[in-house]
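Down below is the structure, laid out as structure tokens.
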Amino acid sequence: MNHLIPTKTLIPPLREGIVKRNCILDKLHKGLGRGNRLTLVTAFAGSGKTTLISQWIKEMNIPTGWVSLDCGDNHLYRFWEYIIVSLQTIDSRIGLNIQPALQSFENLSPETVINAIIRDLSEVERPMILVVDDYHVINNKDIHTSMNYFLSHMPFHLHLVIISREKAPLSLSRLRANLSITDILYEDLRFTKGETCCLMNTYLNIHLEKEDVKRLEEHTEGWVAGLQMAALSLEALTSSERHDFIMDFIGDDRYVFDYMAEIVLKRQAPNIQEFYLKTSILDRLSASLCNEVVGIKSSQTILEQLESSNLFLFSVDNRREWYRYHNLFTEFLRRFLKMQMSQEEIHTLYKKAMDWNEKNGFFQEAIHYAFVSEDYEYASKLIERNIWSTYYRSETQLVYGWLKALPMSYLKSSPILSAAYANCLLLTNKETISLPETRKLIEFWLQSAEAKADKIGINGYKQREKDLLIHYIRKLRIYYALFLESDPNDVIKMALSALEKLPENELMFRCAITYGLGRAYYLAGDTQAAIRTFESVRQIGKESGDLFNISAAIESLADIMYNKGSLLKASDICIEGITYLTELSGGRIVPYSGTIYITWGKIRMEMGDLEEAIEAIKKGIELLNLTSAKMQQQLGLIHLAYIYQALGKTKQAFRVLNEAICIKTQESDEVTAHKTRICLLSADYNMTLINEAEQWLKEQRLIFKDNRKSFRPNMIHDTAIRVMIDKYRLKLIRPEYDWSILLSYLDRQQIYASDAGWVQWEIEILLLKTRLFYVQGNNDKALQCLKTALVIGEKTGCHGVFIKEGQQMVQWLRNALKHKVVPQFVQQLMENFSCLLQIDYEKLINQSLKGVLQEPLSKRELEVLKLVASGYTNHEISKKLVISISTVKTHVYHIFEKFGVKNRTQAIAMARDLELIK
């Protein structure tokens, strides 16, 4: 978080001689005691708002986080970064996991950020206070919306204090209705006659008559800043002069500005006046910085003198190294500066501030002053000099903010800035990359960078910068091509060429380009090359610290194994990968590892472990909330929906699907197809859901004659066929398409899936063909397709793809069992369904084997039979199943009786003949 100013999250220290405001402090105590959620302090500048809350915090002795805002905090992410840092002064764990995503280029929603903070706050479980000072500087509507959300969901042990000059544009009606707000307004803050007398006569030692105190309090309306400004003049006046001054003193804003100029500023020594004016351009002051700007060596002495004299200067750290002026006084000084100095002279002051900040390592502050002074030439050059180091820290949000603030002419003239801007546009427009206007915009800036890259040497750039730019553009081109779904073979050539031209020790881009190469191999169908490449990414990423691409590579490796049907290996890759990332990150959370958790959950679902799958997928979605990986998060929600549906939790299934639909991605059309499939699974003669599925079908433009080979399943076409089949099955209406056209399409899909070695895809197509043949009444072909699917499932251990077919699958399994089709695997699936559908397993088996055995085996008898076939003795079976030997003998006797045999050998032979065991 090195771009944040740490002093902004310190509680302002209290000076000596502060009037204790007992009455208003009592109001604050009572509000907190009643359990009010919010204290809202609203009054104009100089009313003593910050001082009052500082007093209260000191008295309360409750852990408190404090953030003092300024105009530069109107960026949504910057605002919440400061909130997090302030809360970390209470507990360092708060917001720790969301910080990396806020610093990097993650397109987070406000709810994502706030939910992460609230979860961390909830774990602290002790009273705490958060103070947000100077909220009036915030004019970003998104920040106001996010604060409303935070207020609605923050834990009850957190009390929020908002200090503002203006009424905060927040939705507080509900809190007000519940009497949950302590409102501190100017009427509360204004000094009473007694407090004014105490301030003047006791603390400031200015002896005023009672009538003069009353008049001063009335004229200033108890405005603390006005009283302090009046006191500055009163100190140098005689008793009679003080009375005349008080009679003429008026506390309106225009008068105060005039007063500051005539009485405060001009009564200072010339060197102090000069110091005030020249340093007014600074947001924060230090002695060294002021020496540079003013051109003196005595700034430390002046700063200490001004602070001790209460001349509108405040220390913002405990060591008194950094200071700031009162906001109102700063505004006055800057206005007065423009009246006293030319634009060129003012720019010279800003130039000194920029040079000092850059020289001392505060290049972000230097860029800020360059923008304020509209020195875009300086800003653009400074950004260029620091852009690579900023990207190394993944602070691309900050870079994007700089680039958007620059006039377009400066972006166009710099190949480095053009390329960086293209990258920012690519990342922020991933979901609309298919739109012509988006591609045109990105292409414009990429071409602008490429056109000038060859000429970079004549513009004073170092060779290192030129080389980095060229590598950077090549990397961008590769990812741009992947986002556009270009021909993967073309992307392979691009990536290999880029790697060949990249120096071996240049790890900054090597890891990313290598991952892009792996994706291209995978999309081209060269699985082995993809595996080798992703393994390389793991090693390069370890050397470069690129945890993002390591996570992506691990997830891709697991996904490849999953598609090949190597479920155990895929699961191991996920488990080992998570451990590997934890070690590399030093135990810190890696948000993008959420993709690994979701893939792991998908694998566990396929293995039939639904509860474990839910846990893993939820963990993955939670981590991806910290990233911009919307498509992966959407995929996790889809998997979760199918699991909930299989468990009979239909409402939860539709709820998470609706969440997935709300995430706008290029795959949004497919999400609605998944929802339609869930409708079909839930329908079972529910005409409302069937009609919803029909309506979806009417909105699709379907062409089943496309012979182009697709590397992935076509969810929309497959779902459309399911809707057509169910419409025919449930309503007995004429199908929209000739069955032969649909069957031909499915035959082609099966070939593509088989060639690609994508097991689940092939099984799904076979089961869809099974549906089609059954609805046509062709039971033999239906059973043949089902058998092929079951054989593949038994070989690979895939359960989830069958479970996702729903209750209708049970009828098919019964038929398979009657025809002795891989009965051992079928019984495993039926055991799954008996749990999911809450059907008695023995009853399910009995109905299926009716006519094959006089009385089918019980679940326990099947277990005993398998152990008998494996050579276990009765004693060993007893220990294995934790039952008595007499019980084992009883089970064995029942098996013999049901099979009509007399010994173990005959029983085993019979079981193999029935294909109950291998």
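When residue 740 is tested against (1) modelled with pLDDT of 90 or more; (2) surrounded by fewer than 21 Cβ atoms within 10 Å (Cβ to Cβ), exactly one condition is not met: (1). All conditions but one from (1) modelled with pLDDT of 95 or more; (2) closer than 21 Å to residue 599 by Cβ apply to residue 496; the one that does not is (2).
Going through 185, 179 one at a time, which residue ends up being modelled with pLDDT under 80, over 32 Å from the mean Cα position of the chain (by Cα) and more than 30 Å from residue 238 (Cβ to Cβ)?
179
Of all residues in segment 621-640, those that are surrounded by 23 or more Cβ atoms within 10 Å (Cβ to Cβ) have Cβ atoms under 6 Å from Cβ atoms of residues that are of a type in the set (Val, Ile, Thr) and part of a loop (DSSP other than H, G, I, E, B), 6 or more apart or on another chain, in 626/98; 634/663; 634/665. Can you say whether residue 351 is basic (Lys, Arg), more than 30 Å from residue 13 (Cβ to Cβ) and at pLDDT 85 or above, as far as the supplied structure shows? Answer is yes for this residue.
Between a residue in segment 36-50 that is in the same structural domain as residue 14 (by TED's automatic domain parsing) and any residue that is part of a strand (DSSP E or B) and among the small types (Gly, Ala, Ser), which pairs come within a Cβ distance under 6 Å, given they are 6 or more apart or on different chains? Correct list of pairs: 42/164.
Looking at 545, 525, which is the one that is without any contact (Cβ under 8 Å) to a residue 60 or more places away in the chain, out of contact with any Lys or Arg (no Cβ under 7 Å at 6 or more places or on another chain) and of a type outside the set (A, V, I, L, M, F, W, C)? Just a single option satisfies the conditions, and that option is 545. Among the residues making up segment 871-885, those that are within 52 Å of the chain's Cα centre (by Cα) and either more than 20 Å from residue 897 (Cβ to Cβ) or surrounded by 17 or more Cβ atoms within 10 Å (Cβ to Cβ) (or both) are 879, 880, 882. For segment 15-51, filtering for residues that are aliphatic (A, V, I, L, M) and under 39 Å from the mean Cα position of the chain (by Cα) leaves 7.
Can you find even one residue in segment 343-358 that is touching a helix residue (DSSP H, G or I) at 6+ places or on another chain (Cβ under 8 Å), over 19 Å from residue 69 (Cα atoms) and not in a helix (DSSP H, G or I)? Steps first, answer last, please.
Initial filter on segment 343-358 (touching a helix residue (DSSP H, G or I) at 6+ places or on another chain (Cβ under 8 Å)): 346, 349-358.
Cutting the leftovers down to over 19 Å from residue 69 (Cα atoms) gives us 346, 349-358.
Restricting the remaining residues to those that are not in a helix (DSSP H, G or I) gives none.
So far as segment 343-358 goes, no, none of its residues is touching a helix residue (DSSP H, G or I) at 6+ places or on another chain (Cβ under 8 Å), over 19 Å from residue 69 (Cα atoms) and not in a helix (DSSP H, G or I).
Collect the residues in segment 7-31 that are surrounded by 13 or more Cβ atoms within 10 Å (Cβ to Cβ) and assigned to a helix (DSSP H, G or I), keeping them in residue-number order. Correct list: 7, 8, 9, 24, 25, 27, 28, 29, 31. Looking only at segment 533-570, residues that are among the small types (Gly, Ala, Ser), within 27 Å of residue 801 (Cα to Cα) and surrounded by fewer than 21 Cβ atoms within 10 Å (Cβ to Cβ) come to 1 in all. Residues in segment 759-766: is at least one crowded, with 21+ Cβ neighbours inside 10 Å, without any contact (Cβ under 8 Å) to a residue 60 or more places away in the chain and more than 37 Å from the chain's Cα centre (by Cα)? Yes, that holds for at least one residue. Selection of segment 739-770 for residues being in contact with a Lys or Arg (Cβ under 6 Å, 6 or more places away or on another chain) and not in a helix (DSSP H, G or I) yields only 757.
In this structure, is residue 805 part of a loop (DSSP other than H, G, I, E, B) and either charged (D, E, K, R) or touching a strand residue (DSSP E or B) at 6+ places or on another chain (Cβ under 8 Å) (or both)? When the stated conditions are applied, residue 805 passes them. Here residue 902 meets the list (1) charged (D, E, K, R); (2) within 57 Å of the chain's Cα centre (by Cα); (3) surrounded by fewer than 16 Cβ atoms within 10 Å (Cβ to Cβ); (4) modelled with pLDDT under 85 almost entirely, failing just condition (2). Listed by first and then second residue, the pairs with beta-carbon distance under 9 Å, at least 6 apart or on different chains, first residue in segment 811-839 and farther than 22 Å from residue 865 by Cα and free of Cβ contacts under 8 Å to residues at least 40 places away in the same chain, second part of a helix (DSSP H, G or I) and among the acidic types (Asp, Glu), form an empty list. Here residue 288 meets the list (1) at pLDDT 80 or above; (2) within 25 Å of residue 22 (Cβ to Cβ) almost entirely, failing just condition (2).
The number of residues in segment 82-117 being modelled with pLDDT of 90 or more and within 30 Å of residue 45 (Cβ to Cβ) comes to 11.
The residues on offer are 85, 67, 113, and the sole one that is crowded, with 19+ Cβ neighbours inside 10 Å, over 30 Å from residue 228 (Cα atoms) and in contact with a strand residue (DSSP E or B) (Cβ under 8 Å, 6 or more places away or on another chain) is 85.
Checked against the criterion of being in contact with a Gly (Cβ under 7 Å, 6 or more places away or on another chain) and either part of a loop (DSSP other than H, G, I, E, B) or more than 26 Å from residue 120 (Cβ to Cβ) (or both), the candidates 561, 631, 605 yield just one match: 605.
Does segment 189-206 include one or more residues that are exposed (fewer than 12 other Cβ atoms within 10 Å of the Cβ), outside any helix (DSSP H, G or I), in contact (Cβ under 8 Å) with a residue 12 or more places away in the chain and not β-branched (Val, Ile, Thr)? No: segment 189-206 contains no residue that is exposed (fewer than 12 other Cβ atoms within 10 Å of the Cβ), outside any helix (DSSP H, G or I), in contact (Cβ under 8 Å) with a residue 12 or more places away in the chain and not β-branched (Val, Ile, Thr). Scanning segment 582-615 for residues that are over 24 Å from residue 94 (Cα atoms), touching an Asp or Glu at 6+ places or on another chain (Cβ under 7 Å) and in contact (Cβ under 8 Å) with a residue 40 or more places away in the chain turns up 596, 599.
Out of the residues in segment 411-455 that are buried (at least 18 other Cβ atoms within 10 Å of the Cβ) and of a type in the set (Phe, Trp, Tyr), state the one that is nearest to residue 374 (Cα to Cα). Applying the filter and picking the extreme gives 421.
The values are calculated or read from the model by the stated rules, or taken from the named source; none is laboratory data. These figures come from a predicted structure and were not determined experimentally. Every residue, glycine as well, gets a Cβ built from its backbone with ideal geometry; the counts of neighbours run over all protein chains shown.
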